[in-house]
Amino acid sequence: MIAVSFVLWFLASFLYHGLGVTLGYHRLLTHKSLKVPTWLKYIIVSGGYLCFMGAPINWVGVHRLHHQKSDQDGDPHSPVHGFKHALYGWMFTMGERQSNEELQKQVPDLLQDKLFCLLGTDHSPSQAGLCFTICIVARLILLAVLGWVPFVANAIASFVVFWSPQLVNSICHMQNHGYRLWKTRDESRNVWWVALISCGEGWHNTHHAVPRCARHGMLWWEFDITYITICILEKLGLATDVVRPQKMPTVQDIHRHGAVVPETLEEQHPPKPAHTVPNNLWNAAEAASILKAEHAQGGSCCGGHGNGNGNGKGAASLSHAKSTVEIESVTVK
Ligand SMILES: [Zn+2]
Ligand SMILES: [Zn+2]
């Protein structure tokens with residue numbers, strides 16, 4: 001009986017905190033991949049806050065900066081600056097990497113929210129201390145009211161959830177892990193085991209290619225429980241304006257258009273010129289408009305080709321097909 005209770009509390013805690021980070025902090029607040037009622041937004045985001053994620057404004061400001069500078073100078077947590085730095089070191093130097101003024105410029109939308117402002121609008125130790133204190137008090141209340149089993153199960157789930165975005169930041173940007181579906185300008189990868197413990201966020205290369213898309217796992221084996229939850233909320237009438245592709249790429253599409261480029265394949269077939277997706281954008285609508293403008297001008301690498309219907313003419317036309325099919329198919333409502 002204790003074992004069953006433990007497992008149930010673990011799963012409930014894992015989903016509450018995990019979705020708080022992935023659905024709340026990430027897809028809802030940072031990328032605006034969907035809309036939910038305000039009361040539900042606070043409930044979802046509370047799961048992330050109560051898992052030591054810090055103030056939502058800080059988290060979102062850091063993550064938007066990551067998308068703008070991925071794996072370049074200025075990326076707050078790229079493993080090109082060291083694995084330990086990407087895993088946890090960056091947390092202690094954010095004040096040097098992003099001034100409070102820069103942080104606030106990243107989040108004009110969240111600065112309108114008084115509750116989020118109360119939780120912190122800068123990288124000061126006080127906002128981290130406030131989050132830490134509230135998280136500890138919440139767990140002590142859990143222990144006092146419900147006892148050891150829920151307390152321990154929650155503590156273990158919280159530990160896993162706390163480290164899962166750090167694994168996304170580090171492992172999912174390292175060349176010797178996972179595979180790449182998209183030729184983004186960074187080193188982002190899709191890594192199955194990170195996706196499993198991070199509620200679907202490990203399909204990170206796809207996320208960098210189409211940041212606003214609510215769905216990160218695009219292929220049939222890419223399990224994305226956060227997106228499944230979004231679909232359930234939508235069915236219940238609690239989520240609207242979900243940003244998603246009109247047409248899902250299939251394995252056949254990807255092989256036909258040359259979009260799947262796992263590293264082993266890349267080694268067998270030397271990299272071909274490819275149309276890269278600008279990754280300094282966190283808005284897929286902006287990415288799509290830039291790609292359209294480039295196509296209208298003949299494009300930097302795709303000009304003069306058709307849309308690459310498998311005539312073997314070369315990667316440029318194949319990449320062109322990839323860009324138009326997959327980027328422009330994202331609907332931004
Ligand atoms: Zn990333
Ligand atoms: Zn993101």
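No lab work stands behind these numbers, since they all come straight from the coordinates. Keep in mind the model is a prediction, meaning the values are calculated, not measured. As a convention, Cβ positions derive from the backbone with ideal geometry for all residues, glycine included, and neighbour counts pool all protein chains shown.
What nm distance separates the two modelled labels at residue 162 and residue 185, each placed 7 Å from Cα along Cα→Cβ?
With each label placed 7 Å out from Cα toward Cβ, I get 3.5 nm.
Neighbouring Cβ atoms within 10 Å as the yardstick, rank 75, 122 fewest first.
If I rank by nearby Cβ atoms, fewest first, I get 122, 75.
Tell me, how many Å apart are the Cα centres for segment 189-225 and for segment 51-119?
Distance between centres, Cα-based: 21 Å.
Hey, fewest Cβ within 10 Å first, where do 92, 6 land in order?
Lowest count first: 92, 6.
For residue 244, what residues show an amide H to amide H distance below 5 Å, using hydrogens built from the backbone and excluding near sequence neighbours?
Sorted by chain and number, the residues that satisfy this are 214, 331.
In nm, to one decimal, how far is the modelled label at residue 92 from the one at residue 8, with both set 7 Å along Cα→Cβ?
Going by the 7 Å Cα→Cβ label model, 4.2 nm.
Just want the ordering: 27, 189, 97, 244, from fewest to most Cβ atoms lying within 10 Å of their own Cβ.
97, 244, 189, 27
Pick out, from 100, 135, 115, the residue whose Cα sits farthest towards the positive end of the charge dipole of segment 79-146, with +1 on the Cβ of Lys and Arg and -1 on the Cβ of Asp and Glu.
It is 135.
Could you give the size of the charge dipole of segment 2-180 about its Cα centre, using +1 on the Cβ of each K and R and -1 on the Cβ of each D and E, expressed in debye and rounded to the nearest 20?
For segment 2-180, the charge dipole is close to 400 debye.
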